[in-house]
């Protein structure tokens with residue numbers, strides 16, 4: 001799957017993922033602390049999520065995440 005670029009430097013973030021992150025500041029901090037590759041992997045997985053509840057659960061799983069162990 002090819003990722004679209006919004007400004008040439010970072011992939012588009014799925015809206016549901018963005019909204020779930022906005023509701024969970026700890027998860028947002030964890031996501032921001034990942035490497036570029038780590039963020040890419042998280043975004044790729046988030047694109048396969050189809051329900052609000054599953055997305056919220058996925059975003060919640062980022063809290064306290066060890067960057068070497070992506071969910």
Q: Report the label-to-label distance for residue 54 and residue 34 in nanometres (one decimal), using points 7 Å from each Cα along the Cα→Cβ vector.
A: 1.7
Q) Which FRET efficiency, nearest 0.05, do residue 41 and residue 15 yield, Cβ-Cβ r, R0 22 Å? A) 0.70
(Q) As a footprinting exposure proxy, order 13, 19 by other Cβ within 10 Å, with the fewest listed first. (A) 19, 13
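Read-outs: derived from the displayed coordinates by stated rules, not from any lab. The model shown is predicted, which means the values in this text are computed figures rather than measured ones. Cβ coordinates were reconstructed from backbone atoms using ideal geometry, including for glycine residues, and neighbour counts include every protein chain displayed.
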